[in-house]
Amino acid sequence: METELYEAMYKRKSVRKYDMAPLDSSILQSIKEFGETVEPLVSGINVKFGFFSNEEVKSLMAIKAPHYVGIYSENKENYLLNAGYMLQQMDLFLSKNNLGSCWLGMAKPSAALPESMDGLSFVIMLAFGKAQEEVHRNSTDEFKRKDMNEITDRKDGTELLEAVRLAPSATNSQNWYFTGDSDNIIACRKHTGLLKEPIMARLNTIDMGIALCHLSLSIKNQGKSMKVEFNKTPVPKGFIYLATIGTV
């Protein structure tokens, strides 16, 4: 499965047009079963996936889909990183199975549904379903992303970061930056300024969780495992420290 998710990173795209016919119940069941196997970034944070129909979701975005999957979490340290990391595995699983999906930063369960589930708070959701457009990119040339030198000052290990460079992010901002030495990758995000920071900090931290999901799969593709620590380390001016990544 990890190999298939890794391969999906290089062709996935955000799908915005869907066939509104519900998916077969057996397909939905397989998606829910995959959710039970999703790996966390941070241990000790309780999470759950919730599944919704179009009528059960309210959003400022005009993206209508037959299905949505949201992640609920305990509000613990680094829970936003963890939520992005876990839900991106779901995003890649959907793409692997030729289903469209799209991150929805402004969507929530409707007022008729509770804001919490079993004591866990709603974080963010994906729209998904059968696409009414191309579900995959034909090559990595179709990704509109920053150049490698815009997201890292590292001279080695950039082959691992290519998968990160292709990751989705809020408003396609790619607000992440990677620095560090030969032993560790220091992950940080750009401070968006006094006006934007109160709004974008949450989404950009989730984005880093998405990026770390791609980094983990890239590391595993090299036959290693990712080790994550949260020991604050100096980072370039204008950036905010999020995590330190090593390999074992």
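The values are calculated or read from the model by the stated rules, or taken from the named source; none is laboratory data. This is a predicted model, so every value here is computed, not measured. All Cβ positions, glycine included, derive from the backbone under ideal geometry; neighbour counts span all protein chains shown. SASA here: full protein model, heavy atoms, side chains in, ligands and nucleic acids out. Shrake-Rupley method; radii C 1.70, N 1.55, O 1.52, S 1.80 Å.
Things to note:
- Where the stretch 1-72 is the region considered: accessible area per residue in Å², 1.4 Å probe: 55
- The stretch 112-248, accessible surface, carbon-and-sulfur percent (1.4 angstrom probe): 49
- Once the Cβ-Cβ distance of Ser173 and Lys76 is raised to the sixth power relative to R0 = 25 Å, the FRET efficiency obtained is 0.45.
- Estimated FRET transfer efficiency (Phe51, Glu159; beta-carbon r; R0 45 Å; 0.05): 0.80
- Computed E for Glu150/Glu229 - FRET, C-beta separation, R0 22 angstrom, nearest 0.05: 0.30
- Mean-square fluctuations from a GNM of the chain, with a 10 angstrom spring cutoff on Cα atoms, peak among Pro66, Pro168, Pro198 at Pro198.
- When only Cα pairs below 8 angstrom with a gap of at least 6 residues are kept, the stretch 132-248 shows a relative contact order of 26 percent.
- Rounded accessible area per residue of the stretch 121-248, 1.4 Å, Å²: 49
- Other residues within the sphere of radius under 12 Å centred on the Cβ of Asp181, judged by their own Cβ, net out at -1 (K and R +1, D and E -1).
- Stretching Met20 away from Lys220 to a fully extended chain increases their span by 68.4 nm, per 0.36 nm per residue minus the current alpha-carbon distance.
- Candidates Ser169, Ser73, Ser53: whichever shows maximal mean-square fluctuation once the chain is modelled as a Gaussian network with Cα springs under 10 Å: Ser53
- Zone of Ile199's modelled label, taken as backbone nitrogen in the stretch 110-129 under 19 Å from a point 7 Å along Cα→Cβ: 124-125
- For the stretch 31-144: lysine pairs under 14 Å (alpha-carbon distance), excluding those fewer than 8 apart on one chain: 5
- Theoretical gain in end-to-end length, Ser116 to Ser43 [0.36 nm per residue, Cα-Cα removed]: 24.2 nm
- For the chain, the relative contact order comes to 23 percent (Cα pairs under 8 Å, sequence separation of at least 6).
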